[in-house]
Amino acid sequence: MDGAGKKTAAAIHQEVTREVNQLLGRVFAQRRKDGRTDLEAVESALRTALHQAGAAALTQLLQFEAPAADQRQWPCRCGHHARYQEIRSKPLLTIVGRVRLSRPYYLCSQCHVGQFPVDVELDVENTEFSPGVRRMHALVGQQAPFEHGRAQMQLLAGLEVTTKSVERIAEAIGGDIVQREQAEIDKALQLDLPAIAGEPIPVVYVQMDGTGVPVVKKETLGRQGKSDGQSAHTREVKSDTPRRAGGLVSWAASKAVGSVV
Ligand SMILES: [Zn+2]
């Protein structure tokens with residue numbers, strides 16, 4: 001451990017000791033007063049104290065320093081370089097509670113877009129929730145109304161969050177999933193189909209047939225049925241098969257088309 005590491009470690013030890021001592025003082029005082037131990041109160045207070053110590057420790061670990069003089073440029077998406085401006089800080093909710101993250105801020109003079117490379121590294125870009133807290137949000141947000149999610153976060157993790165944040169994060173994760181699924185669908189639509197090869201076909205006949213398929217009521221609204229005065233119960237699916245004189249068109253050249261009329 002270097003000098004700075006030792007200093008950080010000492011500050012963290014001090015914070016943990018302070019929190020635990022305070023709590024033990026309260027536990028012993030309560031025991032003297034009531035002559036018994038309230039386990040639920042103690043376990044919950046111990047978690048709170050250790051969370052607070054953890055949050056203090058994490059805040060210490062999340063103080064990033066200004067870059068060295070020869071490392072004050074960062075590549076920008078526009079192709080130019082962003083220059084280091086200053087240290088900026090933001091609050092973060094982590095699984096041990098609220099902490100503060102301080103990290104270098106870079107700004108591109110060409111396109112005026114600012115960036116925090118540390119946020120990308122820590123996966124907290126454009127969010128005030130740590131990856132661990134976002135995972136919890138996603139879990140509680142997917143199974144019950146968002147208000148239940150807020151209550152579950154409080155009871156199970158000892159974290160105060162708003163119903164709105166459970167909703168926002170669950171929706172952001174849902175949006176992410178939809179985007180990934182859409183990318184898969186787009187890939188499927190761009191399949192490389194086999195090139196059509198073989199003799200040119202001068203005349204293609206299309207053989208057409210149709211059959212009635214039962215459908216839900218709203219699909220037949222306003223359509224006259226086979227018997228007078230009654231609405232239709234089915235709609236017709238047309239199926240077309242391309243043929244040439246003497247047989248079916250080869251698989252690659254044929255395309256069965258189904259349409260509902
Ligand atoms: Zn730029």
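Computed over Cα pairs, the Kirkwood radius of the chain leads via Stokes-Einstein (1.567 mPa s, 4 °C) to a diffusion coefficient of 50 µm² per second. Here the Karplus relation 6.51 cos²θ - 1.76 cosθ + 1.60, evaluated at θ = phi - 60°, turns the backbone of the stretch 227-242 into coupling constants of 8, 4, x, 10, 7, 5, 9, 10, 10, 8, 9, 8, 10, 10, 10, x Hz, with x for every Gly and Pro. Taking all Cα-Cα distances within the stretch 73-140, those exceeding 13 Å account for 66%.
Less than 5 angstrom separates the built amide H of residue 85 from those of 105, 106, 107, all sequence-distant by 5 or more or on a different chain. Placing +1 on the Cβ of every Lys and Arg and -1 on the Cβ of every Asp and Glu, with nothing else charged, gives the stretch 13-61 a dipole about its Cα centre of roughly 220 debye.
Considering only 182, 52, 82, and ranking their Cα positions along the charge dipole of the chain that arises from unit charges at the beta-carbon of Lys, Arg, Asp and Glu, the one farthest toward the positive end is 52. Start at zero, step by 5 Å, and the Cα-Cα distances of the stretch 100-192 spread as 3, 12, 17, 15, 14, 14, 12, 8, 4, 1, 0 percent across the bins. Between residue 155 and residue 20, the contour length at 0.36 nm per residue exceeds the alpha carbon distance by 46.5 nm. With θ taken as phi - 60° and the Karplus curve 6.51 cos²θ - 1.76 cosθ + 1.60 applied, the whole-hertz 3J(HN,Hα) list for the stretch 142-151 is 8, 10, 8, x, 4, 5, 4, x, 4, 5 Hz, x standing for glycine and proline. Extension gain, residue 211 to residue 38, is 54.9 nm, computed as 0.36 nm per intervening residue step minus the present C-alpha separation.
Against the chain, whose longest principal axis is taken from its Cα atoms, helix 39-61 shows a tilt of about 90°. In the stretch 13-61, the convex hull through the Cα atoms has an average projected area of 3.1 nm², a quarter of its surface area.
No lab work stands behind these numbers, since they all come straight from the coordinates. All values reported here derive from a predicted model rather than from experimental measurement. No Cβ is skipped: glycine too gets one built from the backbone with ideal geometry, and neighbour counts run over all protein chains shown.
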